[in-house]
Amino acid sequence: MYETLKGLAAQVLMPLPMMMVAVVVGLALRQFGLRRLGGGLCVMAVGLLVLVSWAPVSDRLLEPLEQRYPAMLKPPDAPVEAIVVLGGGWHPTPEWPVTAQLSETSLPRLMEGLRLWHAQPEALLIVSGGSSEPSEPGVAEGYARAAQALGVPEASLVVLDTALDTGEEARAIVDRLGEGGRIVLVTSASHMPRAKRHFEAVGLRPLPAPTHYLTGRQSRGWRYWLPGAEHLAKTERALYEWLGRLAVKWEHETPS
């Protein structure tokens, strides 16, 4: 039940559905004779949607999350037990190359994990992520296939394909390594602050290795100043992460 409510809240509390509801309510108010109130609500909703689809706003919301931890440009000097790559998305389509099956979130996570693993090949490469569809394999399986195709031996891989969110991933990995394990944690830069809190909450010692940056990639030309879907996506990512961080402590205090 909790997982369903969490997923529903993550969808409903985003700018686009909220502003659409506001427009519908505004139009209904106009139909009932409250033309000024309804019109004002519609204008406000559209204006806010344009605002959060504007790069100067979306970048300011997302940058504090992405810049919280620096990139791991050099592997850690001391050995670690594992390089952990958190799940994202994938499309298991046999007609595509395995790397093409990984989503735009998952591919940079895996590439960063492989880069760091090659510097410490004695460490385990743990790939995680399940599937909400029982008939489909989890993204961890896609990671494993791609990693093996890129030269990682099966003996170095640990595939954890049951976890459906970051909290479950953290619990699955502490079950595998035990508390106090020193790991390199690889995930998207905006997701790293929340992910690190999850892993620390279960007793692991994660070293952040953020990747997949969304801000700072666009030049400040004229396109930067136009509202766009890619900027709305950055705002949604920021809101999703801030909402998720509110639930971290509660999730780990609630019995599974």
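Some notes on this structure:
- Of the residues making up the range 30-60, those that are modelled with pLDDT under 90 and in contact with a helix residue (DSSP H, G or I) (Cβ under 7 Å, 6 or more places away or on another chain) number 1.
- Which numbered condition residue 210 misses (of (1) surrounded by fewer than 21 Cβ atoms within 10 Å (Cβ to Cβ); (2) within 18 Å of the chain's Cα centre (by Cα); (3) not β-branched (Val, Ile, Thr)): (1)
- Looking only at the range 80-94, and only at residues there that are in contact with an Asp or Glu (Cβ under 7 Å, 6 or more places away or on another chain) and either among the hydrophobic types (A, V, I, L, M, F, W, C) or over 17 Å from residue 173 (Cβ atoms) (or both), the one that is most open to solvent (accessible area, probe 1.4 Å): 92
- A count restricted to the range 186-211 and to residues that are outside any helix (DSSP H, G or I) and closer than 14 Å to residue 173 by Cβ stands at 8.
For every residue, the table says whether it meets (1) in a helix (DSSP H, G or I); (2) within 24 Å of residue 235 (Cα to Cα); (3) touching a residue at least 24 places away in the same chain (Cβ under 8 Å).
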{"site": "26", "(1), (2), (3)": "yes, yes, no"}
{"site": "37", "(1), (2), (3)": "yes, no, no"}
{"site": "41", "(1), (2), (3)": "yes, yes, no"}
{"site": "46", "(1), (2), (3)": "yes, yes, yes"}
{"site": "57", "(1), (2), (3)": "yes, yes, yes"}
{"site": "68", "(1), (2), (3)": "no, yes, yes"}
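- Identity of the residue in the range 144-182, part of a loop (DSSP other than H, G, I, E, B) and free of Cβ contacts under 8 Å to residues at least 24 places away in the same chain, that ends up least open to solvent (accessible area, probe 1.4 Å): 178
- Residue that is nearest to residue 207 (Cα to Cα) [pool: residues in the range 119-128 that are part of a loop (DSSP other than H, G, I, E, B) and in contact with a helix residue (DSSP H, G or I) (Cβ under 9 Å, 6 or more places away or on another chain)]: 123
- Note on the range 183-198: residues that are over 11 Å from the mean Cα position of the chain (by Cα), open to solvent by less than 30 Å² (accessible area, probe 1.4 Å) and over 25 Å from residue 118 (Cβ atoms) amount to 1.
Let's see how each residue does on (1) surrounded by fewer than 23 Cβ atoms within 10 Å (Cβ to Cβ); (2) not in a loop (DSSP other than H, G, I, E, B):
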{"position": "96", "(1), (2)": "yes, no"}
{"position": "108", "(1), (2)": "yes, yes"}
{"position": "117", "(1), (2)": "no, yes"}
{"position": "130", "(1), (2)": "yes, no"}
{"position": "136", "(1), (2)": "yes, no"}
{"position": "141", "(1), (2)": "yes, yes"}
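- Some residue of the range 2-16 being among the basic types (Lys, Arg) and either farther than 26 Å from residue 245 by Cα or out of contact with any helix residue (DSSP H, G or I) (no Cβ under 8 Å at 6 or more places or on another chain) (or both): no
- Test: residue in the range 186-194 that is within 27 Å of residue 158 (Cβ to Cβ), touching a helix residue (DSSP H, G or I) at 6+ places or on another chain (Cβ under 6 Å), touching a residue at least 24 places away in the same chain (Cβ under 8 Å) and hydroxyl-bearing (Ser, Thr, Tyr): yes
- Among (1) closer than 30 Å to residue 221 by Cβ; (2) modelled with pLDDT of 90 or more; (3) part of a helix (DSSP H, G or I), the one test that residue 16 misses: (2)
The values are calculated or read from the model by the stated rules, or taken from the named source; none is laboratory data. What you see is a predicted model, and the numbers here were worked out from it, not measured in a lab. Neighbour counts run over all protein chains shown; Cβ positions are idealised from the backbone, glycine included. Each accessible area value is taken on the protein alone, full model and side chains, heavy atoms only, with ligands, DNA and RNA left out. Shrake-Rupley method; radii C 1.70, N 1.55, O 1.52, S 1.80 Å.
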